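Structure, as structure tokens:
The values are calculated or read from the model by the stated rules, or taken from the named source; none is laboratory data. Just so it is clear, the structure is predicted and the values come from calculations on it, not from any experiment. Cβ atoms come from the backbone with ideal geometry, glycine included; neighbour counts cover every protein chain shown. Calculation scope for accessible area: heavy atoms of the full protein, side chains included, ligands and nucleic acids excluded. Shrake-Rupley method; radii C 1.70, N 1.55, O 1.52, S 1.80 Å.
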Amino acid sequence: MGKGLFITFEGIDGSGKTTQLNKVKTFLETKGYNVITTREPGAMELGKKIREILLHYEGEVSDKSEMFLFLADRAQHVEKLIKPAIEEGKIVLCDRHTDSTIAYQGYGRGQDINILKDLNRIAVNGIIPDLTLLFDVSLETSQNRVGDEKDRMESSGIEFLKKVRNGYLELLKEHPRRIKIINANNNIETVFEETKTVIEKTLQEKLGV
Ligand code: TYD
């Protein structure tokens, strides 16, 4: 009990965080850790249905309903998967979490940041990441990596993405101990070296290894 670890991966679309998450999984497993990977939205059965609406529904989705849908997904995910896994002593690597809501729905869509913080607090019920890796990438690289096949969120435009990226940088200032920035403009191996250094420091600090 209490030996688990919760690490979240954040960044704008095309930051390469999912590639890094998978590399971190392999790295930690080789070291003998019990690791699970998961993501938001869409890790649970319920979440898959919510994800389908959020990313592919072609009808109207108001900004407020979008906000509640991401939060509904999170509430189920934390209670049924993340919390139990941490309690079992696992290392949980999660692709996007609370900071995505502040960056996308708050800074991006303009929803009230303080209300979003309260809603996040209700959804996670005390479960807070030990470490958040923010993969920061230029808007240009992001656009090139995402390409032309865009989902509903990715179709929100470059101005939106710019606000989201700035939002992440504000969050970094606000939570310098939890959030660590990684320069994600570099190639995969260089980014991974930087990522590994941060992860090793956290293992040392949090698990004493
Ligand atoms: P996904 O395909 O998982 O994209 P990525 O590989 O970039 O993580 O799509 C998730 C999308 O949902 C992404 O555009 C960010 C957005 N999102 C929010 O707007 N708010 C949230 O709270 C979360 C978790 C994701």
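Scan the stretch 10-32 and tell me whether some residue there is in a helix (DSSP H, G or I), of a type in the set (Val, Ile, Thr) and free of Cβ contacts under 8 Å to residues at least 12 places away in the same chain.
yes
Quick check on the stretch 124-137. Is at least one of its residues more than 10 Å from the ligand (Cβ to nearest atom), of a type in the set (A, V, I, L, M) and part of a helix (DSSP H, G or I)?
yes
Looking at (1) more than 14 Å from the ligand (Cβ to nearest atom); (2) of a type outside the set (Phe, Trp, Tyr); (3) assigned to a helix (DSSP H, G or I), which is the only condition Gly59 fails?
(3)
Out of the residues in the stretch 131-164 meeting the condition of being without any contact (Cβ under 8 Å) to a residue 12 or more places away in the chain and of a type outside the set (Gly, Ala, Ser), tell me which one is most open to solvent (accessible area, probe 1.4 Å).
The residue in question is Glu149.
Could you grab me the full set of residues in the stretch 22-40 that are near the ligand (Cβ under 10 Å from one of its atoms) and either out of contact with any His (no Cβ under 8 Å at 6 or more places or on another chain) or on the phi > 0 side of the Ramachandran plot (or both)?
Correct list: Arg39 only.
How many residues, within the stretch 1-32, are surrounded by fewer than 18 Cβ atoms within 10 Å (Cβ to Cβ) and farther than 11 Å from Asp95 by Cα?
Residues flagged as surrounded by fewer than 18 Cβ atoms within 10 Å (Cβ to Cβ) and farther than 11 Å from Asp95 by Cα within the stretch 1-32 amount to 11.
Keeping to the stretch 93-108, report how many residues are open to solvent by 20 Å² or more (accessible area, probe 1.4 Å) and more than 8 Å from the ligand (Cβ to nearest atom).
1
Checking Gly110 against (1) more than 16 Å from the chain's Cα centre (by Cα); (2) modelled with pLDDT of 95 or more; (3) in a helix (DSSP H, G or I), which test does it fail?
Only one criterion in (1) more than 16 Å from the chain's Cα centre (by Cα); (2) modelled with pLDDT of 95 or more; (3) in a helix (DSSP H, G or I) is unmet by Gly110, namely (3).
In the stretch 118-130, which residues are open to solvent by less than 80 Å² (accessible area, probe 1.4 Å), farther than 16 Å from Lys64 by Cβ and either among the acidic types (Asp, Glu) or without any contact (Cβ under 8 Å) to a residue 24 or more places away in the chain (or both)?
Scanning the stretch 118-130 gives Gly126, Asp130.
Give me the residue from the stretch 72-92 that is of a type outside the set (Asp, Glu) and crowded, with 22+ Cβ neighbours inside 10 Å and, out of that set, farthest from the ligand (Cβ to nearest atom).
Within the stretch 72-92, the match that is farthest from the ligand (Cβ to nearest atom) is Ile91.
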